[in-house]
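Pasting a structure here, questions to come.
Every number here is computed from the coordinates shown, using simple stated rules; none is lab data. This is a predicted model, so every value here is computed, not measured. Quick reminder, even Gly has a Cβ in these numbers, built from the backbone with ideal geometry, and neighbours come from all protein chains shown.
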Amino acid sequence: MSGKKKLFIPGPVDVDEEVLLESAKPLINHRGKEFHELFEDIKRELKEVLSAKNEVVVLTASGTGAVEALAANFAPGRRALVVNAGEFGSRLAETLKVYGAEVLEVTAELGSAPDLETVISKMDAFKPEVVAFVYNDTSPGVRLSYARELSREAKSRGALVLVDAVSAVGGDELQVDAWGIDALAGASQKCLEAPPGLSFVVLSEEAREKLPKEAKSVYFDLRRYLEYSARSETPFTPAVTLLYALKRSLERILAFGVERWISMHAVRAAVLYRAFQALGFAPFVKEDYRSRTVLSFTAPAGVSAVELRRALSEKYWIEVAGGLGKLREKVVRVGLMGYVPLRDLVALVAAAGLELKEHGVEVDLDRALGELSKLASRL
């Protein structure tokens, strides 16, 4: 069998051919007028998607690079409280520690998140100068549903608010300025539906004022990026062809409508949760914290999550993900980022249902597919 596998993983995502073709354009001088115009367009479009008027810097790096940029510039010598709901929360805490922060982690059992009242209590006791969290932790599929309230509570206590929103930008509610977020990290390859390799940081006025005069990193010195950004450039050679692709993807999202694009993710996730439950899967995450962009499930009794993923890949050419860390062999994660046609969702549910039947599981495939039919008039 030849062809391309359909990606239902937590990124990278399937990218529209129109966007991919942009990355085949000829290279240009990254210090010239043509690049300046391209760069300004991207910054403006990112701000529209993020509901932000604050400054945006664009990095040639993965989303992890953008998160490290936050740590390199705002961690040294500060007390930082991290709300940790998964592997990426742990990585955020680790990165802040590496750059010299005194870190207090507020955790919960896997598949949940610390409740807001507990986090506020810890803030009042610890008195952090930085409050940091992953808005949507894809490792267990946990969405920090109180992100807006947490940001405002932290700001009211004088803390800088740092947010890893890599898997939420474009796929979930997010108003950077209105929520009081000081520094936000995002990336190209998830809900913005562009190729991997680019990330960005949004900085509030307060964050810009608190940037160190001498950063702990050369590549991630955000003050340097801002200086170059003011003249529509980057301090180091950017991935020009990826910028072409990102610009086209942002144009497509804006033409679709940002609110509609975000709503699409929420509606689609709600329906797919129900469809998978109809097949016999159980959502791994407590309902209040279930992600809208990465859905995690435990398989029916007697079915190996590892074998199920392998079968979907080898027999149906559908890629879903396993868990990370302790969840590696326990859960199936389904990425729903960017535009996913209804026919692809039908193929996913049908393939999962047929494979469960092969394992002797009694499956109501008609009911599961019936849930998907409700999407026809809503996407």
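Restricting the search to segment 319-335, which residues are in contact (Cβ under 8 Å) with a residue 60 or more places away in the chain and in a loop (DSSP other than H, G, I, E, B)?
Residues of segment 319-335 in contact (Cβ under 8 Å) with a residue 60 or more places away in the chain: 319-321, 323-327, 331, 333-335.
Within segment 319-335, Gly323, Leu324, Val331 qualify.
Which is of a type in the set (A, V, I, L, M, F, W, C), surrounded by 13 or more Cβ atoms within 10 Å (Cβ to Cβ) and under 23 Å from Gly170 (Cβ atoms), of Leu375, Leu369, Leu354?
Working: Leu369 fails: under 23 Å from Gly170 (Cβ atoms); Leu354 fails: under 23 Å from Gly170 (Cβ atoms).
Only one candidate qualifies: Leu375.
Tell me, which residue of segment 198-256 that is within 18 Å of Ala24 (Cβ to Cβ) and of a type outside the set (A, V, I, L, M) is surrounded by the most Cβ atoms within 10 Å (Cβ to Cβ)?
Per the stated criteria, the residue is Ser249.
Go through (1) crowded, with 24+ Cβ neighbours inside 10 Å; (2) within 30 Å of Lys286 (Cα to Cα) one by one and return the number of the condition Phe126 breaks.
It is condition (1) that Phe126 fails.
Within segment 103-116, can one find any residue that is buried (at least 24 other Cβ atoms within 10 Å of the Cβ), within 23 Å of Met337 (Cβ to Cβ) and either of a type in the set (A, V, I, L, M, F, W, C) or within 14 Å of the chain's Cα centre (by Cα) (or both)?
yes
Restrict the check to segment 21-43 and report whether at least one residue is under 30 Å from Leu96 (Cβ atoms) and among the aliphatic types (A, V, I, L, M). Write out each step before concluding.
Applying the first criterion (under 30 Å from Leu96 (Cβ atoms)) to segment 21-43 yields 39, 42-43.
Those left that are additionally among the aliphatic types (A, V, I, L, M): 42.
Yes: segment 21-43 contains one or more residues that are under 30 Å from Leu96 (Cβ atoms) and among the aliphatic types (A, V, I, L, M).
Just the residues that are over 23 Å from Val169 (Cα atoms) and either of a type in the set (D, E, K, R) or assigned to a loop (DSSP other than H, G, I, E, B) (or both), please, taken from segment 288-306.
Passing the criteria: Ala299, Pro300, Ala301, Gly302, Val303, Ser304.
Let me ask you something else. Taking the residues in segment 259-278 that are touching a residue at least 40 places away in the same chain (Cβ under 8 Å) and more than 16 Å from the chain's Cα centre (by Cα) as candidates, determine which candidate is farthest from Leu46 (Cα to Cα). Give the steps one after another, and end with the answer.
Going residue by residue through segment 259-278, those that are touching a residue at least 40 places away in the same chain (Cβ under 8 Å) are 261-262, 264-269, 271-272, 274-276, 278.
The next check asks that each one be more than 16 Å from the chain's Cα centre (by Cα); those that pass are 267-268, 271-272, 274-276, 278.
Numbers: Val267: 23, Arg268: 23, Val271: 28, Leu272: 28, Arg274: 33, Ala275: 33, Phe276: 34, Ala278: 38 Å.
Of everything passing the filter in segment 259-278, Ala278 is farthest from Leu46 (Cα to Cα).
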